[in-house]
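To start, the structure itself, in structure tokens.
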Amino acid sequence: MVRIFRIIIILTVLAPLSGIGQTAEQVFKAAGTPANPKVNVSWNRYYTYDGLVEIMEKLEDAYPELVTLESIGQTYQGKDIMAMTITDRSTGDPESKPGFYIDGNIHSNEIQGSEVALYTAWYLVESFAENEFVNQLLEKKTFYILPSINPDARDNYMQEGNTMHSPRSGMIPVDDDRDGLEDEDGYDDLNNDGHITLMRRKNPNGRYKKSPEDPRWMVRVKPDEDGSYELLGYEGIDNDGDGNINEDRVGGVYDPNRDWGFSWQPNYIQRGAYKYPFSLPVTRAVKEFLERHPNIAGAQTYHNSGGMILRGPGAGKDTDTYSGSDKAVYDAIGKIGEQMLPGYKYMVLYKDLYTTFGGEIDWLHGGRGIYTFSNELFTPYHFFNDQNDQKGYFGGADTHYSFDELLLFKDAFVDWQPYDHPQYGQIEIGGFKKNFIRPHPGFLLETDAHRNMAFSLYHANQTPELVVDSVMEKKLGNGLYEITVVVANKKIIPTHSDHDIKNKIERPDYISLSGPKVLAGMKVTNLDLNLTEDQEYQPEKIEVPNIPGKGTVTVRWIVKGNPGDYQILIDSAKGGKLQWTK
């Protein structure tokens, strides 16, 4: 009794301390990581929709001067699609700064994009006070971060019976087998172990056998060999009596990443397309959000798997949407990404992977003029850091079994168990769980999240940074003066992509003079040769089609009288607003 009583006392004393982090005196800072975050988050696990929202709310509560959280719309099932706006508001209105957009989890089974996006938000705000780079980044830029843009299917993937490959899209019911019924079948957890794994049946005419390297592993036999098993697919039974199993699964074939209004094609051409562009609630909400924020100059979307830094176009017919100048910007950033992300390759979607129509990155570049990458998170290189052992998007089965045994202690595999199937008779059920191969194992998640976050911050840091490089005054005589201004862009990304300029997606940039009476305004096309182009209307507000990356534009005004004090205002949708005062 005494011992039990002492345990109760100890537990009572310690209980109020649960969840409290270490004090500053108990922590030795690791380089590049917030030492004492206000919001403690474990980045070696995955969070449901409610878990993601709770972390976002805590970040907003802890950093109200940096974070604003809002719902931008609702999903098919009525969940709020949550967006975080992150910037240093003391240095200006968020929309007056160049913006950077990040989203993840458009495909429900590609879950880690949410954690990477949310890690980015967490890292920005927790590092703001102690890291000069982050501090200056939020001083000059605005981040719009949407960790999950498909939360209905995210929760279904996590909480319902699914494989690592399902569901793919949203939760709109479909009739896969065209029997007139929707969403009446699907995977069944036959042995009630909480996992949907594979079914196998002994068959002397089967084409599989147990691997001599690992009996858990089913390998295809050679043409001249006899097999001993057949594989029957994932767990399931014929629930509706139509002779099929695992059809009409929740989530179906409608793919939110084939629903975007650039180079869109109907379902009979592009499998996964829905009724018309932006016909799904989630893509429509994101589209409207992006259109409300014309300051967004760069974007990053997260998928899995295969270790790719992808840019568009998705289809070869759209190569003309990427000019030489635009490709140079992508190449410069993408090549740095390869350095930052070991095992990842910078690739062009249609050329190096496959053709898609109606994809998000195509609309972001082609429809909005935004420089966009789509990273396929996780690479087989991460299993054993072997550059030569990368088979396909996910790696080879031999690697999976070895990694599970040596580093996960067989936590990712369900051992084969007998089962009496109502249609197939005596079978065995077993295989890898849905939380392995596509999703990162926990201990690798934070590392890859940090590297991908750093790549996004590098990309965001290359969005336009405009400065007044020089101001020159010249007396012309007869009471007239000339004011010449050189505006420089210190970063790689221009204020308008070539595709944007060609299709007039975004308004021009404006460089204005206020104070003196302006008689004439002009663009200076060659300062050395004194070549100019007059602007006939509103000469005080000169239209500039683009301020190139790592380049300059020059404008000039002729004013009446000694100009005295005056102001120069630069107003660029994607380059931000800047005021210079004499």
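Right, residue 171: modelled with pLDDT under 95, surrounded by 15 or more Cβ atoms within 10 Å (Cβ to Cβ), within 39 Å of the chain's Cα centre (by Cα) and not basic (Lys, Arg) or not? So residue 171 fits the description; yes.
The set of residues from region 220-249 being surrounded by 14 or more Cβ atoms within 10 Å (Cβ to Cβ) and farther than 21 Å from residue 162 by Cβ comprises 221, 227, 228, 229, 230, 242.
Condition check ((1) touching a Gly at 6+ places or on another chain (Cβ under 6 Å); (2) on the phi > 0 side of the Ramachandran plot; (3) touching a residue at least 12 places away in the same chain (Cβ under 8 Å)) across all residues:
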{"position": "206", "(1), (2), (3)": "yes, no, yes"}
{"position": "272", "(1), (2), (3)": "no, yes, yes"}
{"position": "283", "(1), (2), (3)": "no, no, yes"}
{"position": "309", "(1), (2), (3)": "yes, no, yes"}
{"position": "312", "(1), (2), (3)": "no, no, yes"}
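Residues that are out of contact with any helix residue (DSSP H, G or I) (no Cβ under 8 Å at 6 or more places or on another chain) and over 22 Å from residue 556 (Cα atoms) were ranked within region 498-521; the one that is surrounded by the fewest Cβ atoms within 10 Å (Cβ to Cβ) is 504.
Evaluate region 532-546: report whether one residue or more is in a strand (DSSP E or B), closer than 24 Å to residue 365 by Cα and aliphatic (A, V, I, L, M). Can you show your working first?
Residues of region 532-546 in a strand (DSSP E or B): 532-535, 541-544.
Now drop any that are not closer than 24 Å to residue 365 by Cα, which leaves 543-544.
Right, trim to aliphatic (A, V, I, L, M) and you get 544.
Yes, that holds for at least one residue.
The residue that is surrounded by the most Cβ atoms within 10 Å (Cβ to Cβ), counting only those in region 24-73 that are assigned by TED's automatic domain parsing to the domain that holds residue 127, out of contact with any strand residue (DSSP E or B) (no Cβ under 6 Å at 6 or more places or on another chain) and more than 19 Å from residue 124 (Cβ to Cβ), is 49. So which of 469, 415, 420, 448 ends up being acidic (Asp, Glu) and within 18 Å of the chain's Cα centre (by Cα)? Every option except 448 fails the conditions.
Residue 157 fulfils the conditions (1) surrounded by fewer than 20 Cβ atoms within 10 Å (Cβ to Cβ); (2) modelled with pLDDT of 85 or more except for a single criterion, (1). Within region 453-462, one or more residues are hydrophobic (A, V, I, L, M, F, W, C) and in contact with a Gly (Cβ under 7 Å, 6 or more places away or on another chain). Residues in region 385-412 that are surrounded by 13 or more Cβ atoms within 10 Å (Cβ to Cβ) and more than 29 Å from the chain's Cα centre (by Cα): 4 in all. Does residue 530 count as over 26 Å from residue 327 (Cβ atoms) and not hydroxyl-bearing (Ser, Thr, Tyr)? Against the criterion (over 26 Å from residue 327 (Cβ atoms) and not hydroxyl-bearing (Ser, Thr, Tyr)), residue 530 qualifies.
The values are calculated or read from the model by the stated rules, or taken from the named source; none is laboratory data. These figures come from a predicted structure and were not determined experimentally. Cβ sites come from the backbone with ideal geometry, for glycine too, and all protein chains shown count toward neighbours.
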